[in-house]
1. Simple spin-label model, 7 Å along Cα-to-Cβ: GLU80 to VAL93 in nm?
2. Give me the extension gain from SER51 to ARG4: residue separation times 0.36 nm, minus the current Cα-Cα distance, reported in nm with one decimal.
3. So for each of 39-48, 67-76 I average, over its residues, the number of other beta carbons within 10 Å; can you give me the resulting order with the highest mean first?
4. Using Cα pairs under 8 angstrom and six or more residues apart, how large is the relative contact order of region 55-95, in percent?
Amino acid sequence: MGLRPLHDRVVIRRTEEERMSAGGIVIPDTATEKPGRGEIIAVGNGKITESGEVRGLDVKVGDVVLFAKFAGTEIKLEGEEVLVMREDDIMAVVE
């Protein structure tokens, strides 16, 4: 990948949501929402504190995370849409 996020930013690949309801009904692409879940594919070096020190990030490449619906900035990278966002916009790590 030719993208290295700076400071406390991460690059996230959205994971696909289920296309079938619990009752077995197939949900078309136009009716599904963008997922608020994804896998981290790149991380920055860390957040620079007021004292000038670099604090490492709490997340790492490969973590599956939850984030707000409209968090981050969508970009196209090697033909794939990914999100670039600050670590602060991540709500939780799925374990």
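Only the coordinates and a few stated rules stand behind these numbers; no lab work does. Note that this is a predicted model, so its numbers are computed, not measured. Positions of Cβ are generated from backbone atoms using ideal geometry, with glycine treated the same way; all protein chains shown enter the neighbour counts.
1. 2.1 nm
2. 14.5 nm is the gain from fully extending SER51 to ARG4.
3. Numbers: 39-48: 17.0, 67-76: 12.3.
So the order, starting with the most tightly packed, is 39-48, 67-76.
4. Relative contact order comes out at 48 percent.
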